[in-house]
C-alpha cells in the first residue's frame, strides 16, 4: 500500500530535523523511506500526511520511528588511546580520593559505558567510588545495554582482550559481570533536550563520540553548547575520530594527546567567540580561514605536522597539507587516511569514502581505515558493503594476532 510513498514528506522530515537534529544527508534517503513505510504498515496508515500528524502528536510513535532510523555502531574499547588517556586522567581523582562522575552520550547498546567501567575497575577503582551516567534516545538500544549480553561482533578491538575476565560465556552470548553493570546507570534522553541534561549536574569527564556526524549544524551547536555547560572547568571531553568539527572548536580545544580525540574548555581569550558561526558566514570566510592556517604551516610538511593539525581540529589545514604531501608521496596510505578524516569532519562523506578506499588499496591491512570506511558506508545505507568491510577487518585483526 505505502509503496506509493516515493518521497519523504517535507513536514515529517522537518519534524525529525527539529526533534532529533537529524542531518538528512547523513542517512541514506532510501533507509529513511523504508523506516517510514515500515511504521505506516504497522500502524495501518495509507496517507503520508496522516502518518506525519501521528508522529507529531504521539510520542510513542515518534520513538518507534526513531528506533527504525537510529543505527547503533559501537564496540568495546573503540580507539584505545582514549581509554589510555582516561586511565591517566582518573588517577588524579583516585589519589585525592575524590568521587568521580562520567557522562557517556549517546551510550547506544552499552559497549562504551561498560568499557569505561571496566577500565576504572581494572585500575583499582571500587564500584562505589564512581558513577557512569549512560544516555541514549533509543529505548531498544538501552534495553539491550541493560541485559549486558554481547555477540562476538562487539569485541572487535585488541584492547578488549585484557578485560575478558569481566565476561562469562552463556548460550546467548558473552554476559558482562554484575560488578561492571552496577557501575552504569542508563537513562533515555534526547541530547537536544538541554533543560533535562542540565539537571544532571557537572561532570569532569564526558564521552560524546561520533554523534555530530549525524546532526545538522544548528543541532551540533546546541550539543556543543550544552556539553560545554555541564563539563567541569578542568574537565575533559572525548569526541569521535571522525568529528573534529569547527563546532567543537568554538567551545573546546585539543588536549594534545595523539589519537585520543580528547578536548578541554577553550580559553575565551584565545578563541574567536563562544558561539556557532552561521553556515552562510562560514562559507564566506572559509578561504580566509585556509589562508590564516597556512601562515602557521611548518616549512617541512610531514605526517607529524598533519597529525598535530588533526588533533587541534584544524581540518581545512589538514586537507591542504595532505594534498601537498601527496604530490610528492602519492602512495602514502596514512596521508590518505587523514585526508579522509578531514573531509568527513567537513560533512564530505563521499569524498572521505574515496580517500579511505585509496588508503586501503595502498595498505590492505589498514585497520583504522577499514573501520572508518565501514562506519561511513553504514551512514550511507550501504549495509552490505559496510558488512563486507567489517568482515575484512576481522580477518586482518585475526591475522595480526597470530603474527
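The values are calculated or read from the model by the stated rules, or taken from the named source; none is laboratory data. All values reported here derive from a predicted model rather than from experimental measurement. Cβ coordinates were reconstructed from backbone atoms using ideal geometry, including for glycine residues, and neighbour counts include every protein chain displayed.
Quick notes on this one:
- The sole residue among 131, 109 that is surrounded by 17 or more Cβ atoms within 10 Å (Cβ to Cβ), at pLDDT 85 or above, in the same structural domain as residue 256 (by TED's automatic domain parsing) and not in a helix (DSSP H, G or I) is 109.
- The residue that is surrounded by the most Cβ atoms within 10 Å (Cβ to Cβ), among those in region 21-36 that are at pLDDT 75 or above and assigned to a helix (DSSP H, G or I), is 36.
- Taking every residue in region 37-55 that is assigned to a loop (DSSP other than H, G, I, E, B) and pairing it with any residue that is surrounded by 13 or more Cβ atoms within 10 Å (Cβ to Cβ), at least 6 positions away or on another chain, the pairs with Cβ-Cβ distances below 8 Å are 43/51; 43/54; 43/61; 45/2; 45/51; 45/54; 46/2; 46/40.
- Within the option set 53, 42, being modelled with pLDDT of 85 or more, within 24 Å of residue 144 (Cα to Cα), outside the structural domain of residue 192 (by TED's automatic domain parsing) and surrounded by fewer than 19 Cβ atoms within 10 Å (Cβ to Cβ) holds for one residue only, 42.
- Only one of the numbered conditions (1) in a helix (DSSP H, G or I); (2) modelled with pLDDT of 85 or more is violated by residue 331, and that is (1).
- Count of region 166-195 residues which are over 21 Å from the mean Cα position of the chain (by Cα) and within 30 Å of residue 32 (Cβ to Cβ): 1
- With respect to the conditions (1) farther than 22 Å from residue 374 by Cα; (2) modelled with pLDDT of 85 or more, residue 356 lacks only one, and its number is (1).
- Test result for residue 240, free of Cβ contacts under 8 Å to residues at least 60 places away in the same chain, in a loop (DSSP other than H, G, I, E, B), assigned by TED's automatic domain parsing to the domain that holds residue 87 and under 20 Å from the mean Cα position of the chain (by Cα): yes
- Flag: residue 9 does not match the condition of being at pLDDT 85 or above, surrounded by 14 or more Cβ atoms within 10 Å (Cβ to Cβ) and more than 21 Å from the chain's Cα centre (by Cα).
- Candidate set: region 75-89, residues that are in contact with a helix residue (DSSP H, G or I) (Cβ under 7 Å, 6 or more places away or on another chain) and in a helix (DSSP H, G or I); chosen: the one surrounded by the most Cβ atoms within 10 Å (Cβ to Cβ): 83
- Summed over region 190-210, the residues that are surrounded by fewer than 19 Cβ atoms within 10 Å (Cβ to Cβ) and within 25 Å of residue 119 (Cβ to Cβ) give a count of 3.
- Any hit, region 273-290, residues being at pLDDT 50 or above, crowded, with 18+ Cβ neighbours inside 10 Å and in contact with a helix residue (DSSP H, G or I) (Cβ under 8 Å, 6 or more places away or on another chain): no
- Filter pass, residue 92 being out of contact with any helix residue (DSSP H, G or I) (no Cβ under 9 Å at 6 or more places or on another chain), in the same structural domain as residue 209 (by TED's automatic domain parsing) and assigned to a helix (DSSP H, G or I): yes
- Residues being buried (at least 18 other Cβ atoms within 10 Å of the Cβ) and either over 21 Å from residue 187 (Cβ atoms) or not assigned by TED's automatic domain parsing to the domain that holds residue 100 (or both) - total across region 211-234: 5
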